[in-house]
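Worksheet: one structure, shown below.
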Amino acid sequence: MIKSLILETMEEYQKKREKSKKELRMRKEKLYQNIPRLLEIELEMKRIGIQIIKSVQADPKQIKKQIKQLKEKTIDLQMERAEILASNGYPVDYLEIKYDCPQCQDTGYIGIKRCKCFEQRLIDKAYDQSNLHDLLEKENFDTFCIDYYSDEPFAGHELSPRKNIETILLDCITYANHFEHHNKNLFFYGSPGLGKTFLSHAIAKDVLEKGKIVLYQTASDLIDFIRKNKFDFDQSHQEETSLLERIFESDLLIIDDLGTEYLTEFAKMELFNVINKRLLTKKKMIISTNLSLRELQEKYPNRLTSRILGNFELYKFYGEDIRIKKLGNL
């Protein structure tokens, strides 16, 4: 996945450089018609450049002196050009290529290392493909608040809801921080409104900022897409093929609200195929559901639940509905 984004971004940088060169040619053509002396200066500077190259091949004793003289002449021409531009109301760099990134000059690379602008572009593309977009600015580790979780004991649980969520939060932060150094999958389960989706988003944000590819899908949207991709032969498949590729090859797949999809035999089979294939290829996943573990086993076939229970770290969310508490504080 990341290789295709790198190639796509390199093509964008190439087009950006070509556009900048074209814009410079247009500026020059227009300006040289109005101020012919500027064209004379450019041609003269080119001739000096050729002379410098020839000087290097000439008598070594004369090289330094000749090159110094030629460079001084070039500086004089540059100053004259700047004065002409300024006196006619143009910035002194008007006849130079305008780069969005002066550090890499819109090549995306500084030497053999990717420029920061290139890395940021990859991150932006990963965000675009995640299906999360601006949501992560609101739901991330910095904005997650544990104050709504009670310190009081909760029926049948050793830890209070607050202590439990503190443990889960710490594990989620660790999961995201060390994403490249583990092969863990997470399974969040419990009643609605307890932060399962929120923490999935928080992990997604940190992983995306590492330049990884994250795809977020609700279980119902995931099944609907796969069904459409398999049986709707009249549509254009370019975008659909790209999404299907991300389902199987993204660095992190988040399946939210497992159990809300219309559960047919087709849905059961495809959910198994997605989870099983990603496990085989060691692609990480986070799955969240409002179902209990017993409900999960009753609703889904054993071969699917065994993949989850045997290959995911399980985190139970419990306590009072946080969304209702927040509404009560408004």
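Most simply put, the chain has about 10% antiparallel DSSP beta bridges, counting only bridges with both residues inside it. Relative intensity of region 131-328 on a log10 scale, I(q)/I(0) at q = 0.16, 0.18 Å⁻¹, equals -1.08, -1.34, per a Debye sum over C-alpha point scatterers of equal strength in the absence of solvent. Within the chain, the percentage of alpha carbon pairs spaced more than 35 angstrom apart rounds to 45%. Which lysines does residue 64 reach when only Cα atoms under 27 Å apart count, and residues fewer than 8 places away in its own chain are ignored? Within the straight-line cut-off, residue 64 pairs with 46, 54, 73.
Annotation: for a label point projected 7 angstrom from Cα along Cα→Cβ of residue 209, residues of region 139-161 with backbone N closer than 11 Å are 140-143.
Straight-line reach from residue 184: taking Cα to Cα under 13 Å and skipping same-chain neighbours fewer than 8 places apart, the aspartates and glutamates in range are 171, 251, 313.
Which entries in 138/282; 113/284; 28/68; 228/299; 196/316; 113/282 show an alpha-carbon gap greater than 20 Å? List each step's numbers first, then the result.
Details: 138/282 30 Å; 113/284 28 Å; 28/68 28 Å; 228/299 23 Å; 196/316 9 Å; 113/282 28 Å.
Violating the 20 Å Cα-Cα cut-off are 138/282; 113/284; 28/68; 228/299; 113/282.
Between residue 277 and residue 18, the FRET efficiency estimated from the beta carbon spacing at R0 = 41 angstrom works out to 0.55. Would you be so kind as to identify which of 35, 88, 74 lies farthest towards the positive end of the dipole of region 19-98, taking Lys and Arg as +1 and Asp and Glu as -1 on Cβ and the Cα centre as origin? Result: 74.
Each value in this text was obtained by applying a stated rule to the coordinates, not by laboratory testing. Predicted model only: the values in this text are computed from it and were never measured. Note that we place each Cβ from the backbone using ideal geometry, even for glycine, and neighbour counts take in every protein chain shown.
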